[in-house]
1. Which residues, taken from the stretch B:47-78, are within 14 Å of chain A (Cβ to nearest Cβ) and at positive phi?
2. Only one of these is away from chain A (no Cβ under 14 Å) and either near DNA strand D (Cβ under 10 Å from one of its atoms) or under 25 Å from B:N145 (Cα atoms) (or both): B:D107, B:D102, B:D96. Name it.
3. B:G57 fails exactly one of the following numbered conditions: (1) modelled with pLDDT of 95 or more; (2) under 30 Å from A:I65 (Cβ atoms). What is the number of that condition?
4. Would you pick out the residues in the stretch B:45-59 that are farther than 12 Å from B:G109 by Cβ and either crowded, with 16+ Cβ neighbours inside 10 Å or without any contact (Cβ under 8 Å) to a residue 40 or more places away in the chain (or both)?
5. Please work out which residue is farthest from the other protein chains (Cβ to nearest Cβ), limiting yourself to the stretch A:1-22 and to residues that are under 15 Å from B:V147 (Cα atoms) and out of contact with any Ser or Thr (no Cβ under 6 Å at 6 or more places or on another chain).
6. Only residues that are more than 8 Å from chain A (Cβ to nearest Cβ) and at pLDDT 95 or above: list them for the stretch B:134-164, please.
7. Taking the stretch B:33-46 only, how many residues are among the hydrophobic types (A, V, I, L, M, F, W, C) and within 9 Å of chain A (Cβ to nearest Cβ)?
8. Looking at B:T25, B:T30, B:T81, which one is among the hydroxyl-bearing types (S, T, Y) and either more than 10 Å from chain A (Cβ to nearest Cβ) or away from DNA strand C (no atom under 16 Å from the Cβ) (or both)?
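The values are calculated or read from the model by the stated rules, or taken from the named source; none is laboratory data. These numbers were taken from a predicted model, which means no experiment stands behind them. Every residue, glycine among them, receives a Cβ derived from its backbone with ideal geometry; neighbour counts consider all protein chains shown.
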There are 2 protein chains.
Amino acid sequence: MSAVQTHWLDPEQQADWRAYLVGSTLLMDTLDRELRQAHGISLGEYEILVRLSEMPGRTLRMAEIAASMRHSRSRVTHTVTRMEKAGLIRRETSPDDKRGVDATMTDQGWSLLTAAAHTHVTGVRAHFVDLAERADFTAMGRVMNAVSDQLVAENPTFDDIRDH
Amino acid sequence: MSAVQTHWLDPEQQADWRAYLVGSTLLMDTLDRELRQAHGISLGEYEILVRLSEMPGRTLRMAEIAASMRHSRSRVTHTVTRMEKAGLIRRETSPDDKRGVDATMTDQGWSLLTAAAHTHVTGVRAHFVDLAERADFTAMGRVMNAVSDQLVAENPTFDDIRDH
DNA sequence: TCCTGTTAGTTGAATGCTCAACTTCAATAG
DNA sequence: CTATTGAAGTTGAGCATTCAACTAACAGGA
């Protein structure tokens with residue numbers, strides 16, 4: 001039997017980890033609330049609009065949305081269903097693969113995005129980007145990229161553990 | 001009328017911000033899932049146990065739990081209610097202030113924490129701490145502390161905008 | 001003492017997310 | 001060409017979180 005020793009965090013690492021947890025809670029809550037109050041959409045919905053806006057034809061497959069946000073396919077289905085009801089997105093079966101579904105941003109979605117982008121970017125600056133040294137912010141980006149890379153490498157799609 | 005110009009993020013900032021969003025989603029989901037599967041508690045519940053374990057008497061007022069985690073009081077009430085049902089926490093009216101409620105970790109809570117801590121710390125290392133240069137991790141801690149400080153300064157308790 | 005405002009905490013409805021089961025279609029192995 | 005396996009997406013139940021309304025208790029002044 002192998003000894004199951006825990007390699008604890010030292011006090012500094014512990015403090016940084018806790019700062020991350022608390023800061024993230026606060027930051028996400030704030031950005032989400034700002035978008036909801038000003039434009040009636042959540043941060044997650046906003047991020048979907050951003051991704052659609054970057055595509056030619058403002059269209060993306062459901063699975064691609066899920067993959068790029070690392071959300072479960074189920075979650076994306078629920079969110080897009082709501083957004084479709086709100087008139088921000090149109091959905092239609094993909095012509096080349098009848099299993100697939102293309103989500104397309106409507107004009108209404110586009111104009112909402114245009115308005116919401118100001119609120120969002122201003123918030124991200126005020127509560128995050130402009131608070132830090134450029135180098136520190138870059139370092140954080142490096143860390144978070146490493147996190148994604150590692151977790152994605154370990155688990156190509158995540159569907160097997162998160163969806164079914 | 002003042003011009004409402006948006007100060008957009010440059011491509012690098014945008015990439016770092018997106019890395020943060022995606023990485024956080026992945027990291028939180030993973031740590032939460034690992035704790036749930038191994039011990040049947042969420043990351044939020046785990047964090048409450050940690051905070052209680054650090055107090056003499058393993059006791060903390062509800063409001064203090066909420067403040068230290070930056071969760072809404074309502075959320076803490078719901079979570080603690082569940083944990084009490086599960087036998088991890090005991091709740092009783094505070095002797096000095098009859099409005100207050102003291103949450104105390106039970107022995108069962110303590111032994112669960114003992115077991116879960118290994119899972120948690122191992123996960124935090126594997127998916128986060130050990131992936132980054134020490135200096136980068138410290139930088140990230142600095143950024144997240146700045147985030148907390150700024151948002152807390154702007155909004156001493158958050159109860160006025162989040163609860164109530 | 002009583003009135004007002006504030007703080008602590010709870011409640012329940014509405015909303016959003018997760019999880020597992022399911023349908024439909026595609027790919028490919030025989 | 002068909003039988004199996006895998007992929008894309010949806011569904012609904014259950015659970016967690018938010019939001020607004022509420023009760024109870026303290027605090028401080030008139």
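1. B:R70
2. Numbers: B:D107 fails: either near DNA strand D (Cβ under 10 Å from one of its atoms) or under 25 Å from B:N145 (Cα atoms) (or both); B:D102 fails: either near DNA strand D (Cβ under 10 Å from one of its atoms) or under 25 Å from B:N145 (Cα atoms) (or both).
Residue meeting the stated conditions: B:D96.
3. Status for B:G57: all satisfied but (2).
4. Hits for the stretch B:45-59 are B:E47, B:E54, B:M55, B:P56.
5. Keep residues of the stretch A:1-22 that are under 15 Å from B:V147 (Cα atoms), which gives A:15-22.
Of the ones still in play, those that are also out of contact with any Ser or Thr (no Cβ under 6 Å at 6 or more places or on another chain) are A:15-21.
Details: A:A15: 7, A:D16: 3, A:W17: 6, A:R18: 9, A:A19: 4, A:Y20: 5, A:L21: 7 Å.
This residue is A:R18.
6. Within the stretch B:134-164, B:R134 is the sole residue that qualifies.
7. First pass over the stretch B:33-46, keeping only residues among the hydrophobic types (A, V, I, L, M, F, W, C): B:35, B:38, B:41, B:43.
Filter once more, so that each one left must be within 9 Å of chain A (Cβ to nearest Cβ): B:43.
Residues meeting the conditions: 1.
8. B:T81
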